Amino acid sequence: MLNIKNLHASVGGEEILKGINLEIKAGEIHAIMGPNGSGKSTLSQVLAGSETFEVTEGEVTFNGENLLDLETEERAREGVFLAFQYPVEIPGVSNLQFLRTAVNSMRGHRGEPEMNAAEFMKHAREVSMQVDLDPAFLKRGVNEGFSGGEKKRNEILQALLLQPKLAILDETDSGLDIDALHVVSDGVNALRAKDRAILMVTHYQRLLNHIVPDYVHVLADGKIVKSGGRELAYELEERGYGWLNVKDKEATAS
Amino acid sequence: MATTDKEVNELVKQEYEHGFVTDIESDTFEPGLNEDVIARLSGIKKEPEWMLEWRLKAYRRWLEMDEPNWAQVGYPKIDYNSISYYSAPKRKEDMLQSLDEVDPELLKTYEKLGIPLHEREQMAGVAVDAVFDSVSIATTFKEPLAKAGVIFCSMSEAIQDHPELVKKYLGSVVPSGDNFFAGLNSAVFSDGTFVYIPKGVRCPMELSTYFRINAANTGQFERTLIIAEDSSYVSYLEGCTAPMRDENQLHAAVVELVALDDAQIKYSTVQNWYPGDENGKGGIFNFVTKRGAAIGKNSKISWTQVETGSAVTWKYPSVILRGDNSVGEFYSVALTNNYQQADTGTKMIHLGRNTSSTIISKGISASNGSNAYRGLVKFGPGAEGARNFTQCDSLLIGDRCGAHTFPYIESKNKSGIIEHEATTSKVSDEQMFLCRQRGINPEQAVSMIVNGFCKEVFKELPMEFAVEAGKLLEVSLEGSVG
Ligand SMILES: Nc1ncnc2c1ncn2[C@@H]1O[C@H](COP(=O)(O)OP(=O)(O)OP(=O)(O)O)[C@@H](O)[C@H]1O
Ligand SMILES: [Mg+2]
């Protein structure tokens, strides 16, 4: 489904991704772990089409198509979804209106009729209950004044509404209390499907107890330095990143 | 997270929707302004002697006045002798009896603008006065309004039919010597709308005036006067458009509102004059004086404006809070795109006891637009217990535009409370990325973000127009993202 070859990306002349190779097949779940500042969010955002970063080398194909040729919104309509590590607020725009506009953009792209306000409201309420988010949040501005955990649940709500083919979850588990972690993992497991791939960025192997990945990769200083199965996460939990001989960016800088 | 300010350039070049010209025969004065021109104008309108005297007095005063230059706007010097001061579509009769006599070409024009004037297609619940260049060509729903005792007619008719009211109130809120543009308007105003709501009457429908500038090199100088007697209520809306022309055109209107005891006037504007092209060529100079006098106790005047058009806007709808417990409100959305400039705001002059005012101003600048909020809150010595709340928010789209706020406060009474909040924000790259990542087009994303920003103001608009205003913003913003 997703094939990343020798991907390099930089911002302001500084190279952040230094040759990423990764293949993800439909139905698989891949976890990416790695030290702070190693480029996990950068990789997620580059795949989703952020214009902050410049791709300087490499290729990415998504279901056979050159992903890097597509505009951000086109990638989204093709089924690439990013749950943000730091979701932004859009004051005054109701969550409901935002979500309906998004869902209808996707439907329009697939040649399906738009969902009217009443239909959508009903559907969105059901899904918000599923992620344990009070439907009252649908009326509030997008992420406006949401707590950290509420923002994360709102991201999962969006994933469930948009039903992407590739869901990239950037630290959707961080900042969650224990109950919320269950809710979010259940949401992610609900997304799990034969024709869908999930790429999750996380720092905690405990999430991987709830959502069992097929592969675990370690990203360090812009490169994937180790890949393995579920057991790699335990090893990392025990030993940290030091044994992999990776430089911790922050540590070397200070 | 650091972001790079990405260059905002033009993606779509949207034509101004109302830019067409109506091909119609008109009686148009030669350009130029002097006492003879004013006498001729007054003569054509068969005005009484006192009206001509009033105009001439204003004109002589205007000659002594200087054009204001303190606003945050720049425009080439206007040659007041190169403007024509009167242009009206030709017609057989002097006074219109019914819509059947209106030139079909004119009816078509208004239809195209979305304002059908024919009885069968009229907008339900909204009465319209249609002003075309210098004259009012039709007023709808006159009869049902008359039954309620409401007078809704053109200013020219009011001068003929209700001289006592016009004499009493014209210039009572905005005297002809008030400022340069008001002085000019007093001398040469050609038409406009007159509204009178008698004591205890709640006007049974929305009243509105639709202003259209058509003729080239013509100024539009309309005059609106609304009087709400004790315990009455009226909601009034004005809309405006003009053809696309390379030359700038002058629009200098005066609006006066008078609210007596317990009366309420809600005045909304959706201003969409031609803004000029994307290089700043052409467009309307919109220099307008709007003021309400909340004379009566417990009276209330609200201004709501959505300003998306005009090359240059200079406009400060104000309220003089004279009556005890009177209330003044100002809700404004001003958008400047391309090379548009707006210097707008309000004045709340508190004179009576326990008077209160609210100011909510939303300025949006895109491309090279410049947007200034200028507001004065003044508490007079007698304004015991006065209160004001001001909130000024600016939203920037891209990094070539500008926003400025000039809040002035003068308090001569220690018991008053003034609260002021101001924010400046940008449509951020992160917000755009979020919207686009969810499959939303950049244009739709900007319009959604801007609409969210304006929500507090839009909810003050009459229902029928809130949707319209949202769409208008969308059109006006097109071409602002890339
Ligand atoms: N917009 C930007 N401008 C400049 N530098 C940036 C920008 N975005 C990211 N970086 C830098 O790129 C590097 C990788 O950042 P990234 O956010 O991808 O790390 P991460 O692996 O997600 O870290 P964390 O675990 O803390 O979320 C960091 O050194 C960061 O400072
Ligand atoms: Mg990160």
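The values are calculated or read from the model by the stated rules, or taken from the named source; none is laboratory data. If you're wondering where the values come from, they're calculated on a predicted model, not measured in any experiment. Note: ideal-geometry Cβ built from the backbone for every residue, glycine included; neighbour counts use all protein chains shown.
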Considering (1) in contact with a helix residue (DSSP H, G or I) (Cβ under 8 Å, 6 or more places away or on another chain); (2) more than 9 Å from ligand 1 (Cβ to nearest atom); (3) over 16 Å from A:Leu169 (Cβ atoms), say which one A:Gly19 fails and leave the rest. (1)
Please state which of the following conditions B:Ile137 fails to meet, knowing it meets all the rest: (1) at pLDDT 70 or above; (2) not in a helix (DSSP H, G or I). (1)
Could you grab the pairs with beta carbons closer than 6 Å, sequence gap of 6+ or different chains, first residue in segment B:155-175 and closer than 23 Å to B:Ile320 by Cα, second one assigned to a helix (DSSP H, G or I)? B:Val166/B:Ala158; B:Val166/B:Ile159; B:Val174/B:Ala182
Those residues of segment B:386-445 which are under 30 Å from A:Asp170 (Cα atoms), in contact with a Leu (Cβ under 9 Å, 6 or more places away or on another chain), more than 10 Å from chain A (Cβ to nearest Cβ) and not in a strand (DSSP E or B), in sequence order: B:Glu443
Taking segment A:151-184 and keeping residues charged (D, E, K, R), surrounded by 19 or more Cβ atoms within 10 Å (Cβ to Cβ) and assigned to a helix (DSSP H, G or I) leaves A:Lys151, A:Lys152, A:Arg153, A:Glu155
Whichever residue in segment B:447-466 is more than 11 Å from chain A (Cβ to nearest Cβ) and assigned to a helix (DSSP H, G or I) and, among such residues, is surrounded by the most Cβ atoms within 10 Å (Cβ to Cβ): B:Phe465
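Matching residues to (1) among the hydroxyl-bearing types (Ser, Thr, Tyr); (2) surrounded by 12 or more Cβ atoms within 10 Å (Cβ to Cβ); (3) modelled with pLDDT under 75:
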residue: B:Asp5; (1), (2), (3): no, no, yes
residue: B:Tyr16; (1), (2), (3): yes, yes, yes
residue: B:Phe20; (1), (2), (3): no, yes, yes
residue: B:Gly32; (1), (2), (3): no, yes, no
residue: B:Glu35; (1), (2), (3): no, yes, no
residue: B:Ala39; (1), (2), (3): no, yes, no
residue: B:Trp54; (1), (2), (3): no, yes, no
residue: B:Ala58; (1), (2), (3): no, yes, no
residue: B:Arg61; (1), (2), (3): no, yes, no
Residues being within 16 Å of ligand 1 (Cβ to nearest atom), in contact (Cβ under 8 Å) with a residue 24 or more places away in the chain and under 15 Å from the mean Cα position of the chain (by Cα): count how many of those fall in segment A:35-78. 12
If I filter segment B:158-166 for residues that are surrounded by 16 or more Cβ atoms within 10 Å (Cβ to Cβ) and at pLDDT below 90, do I get at least one hit? no
Qualifying residue in segment B:295-307 (condition: closer than 21 Å to B:Gly382 by Cα and in contact with a His (Cβ under 7 Å, 6 or more places away or on another chain)): no
Do the conditions hold for A:Asp132, that is, is it more than 14 Å from chain B (Cβ to nearest Cβ), at pLDDT below 90 and over 17 Å from the mean Cα position of the chain (by Cα)? yes
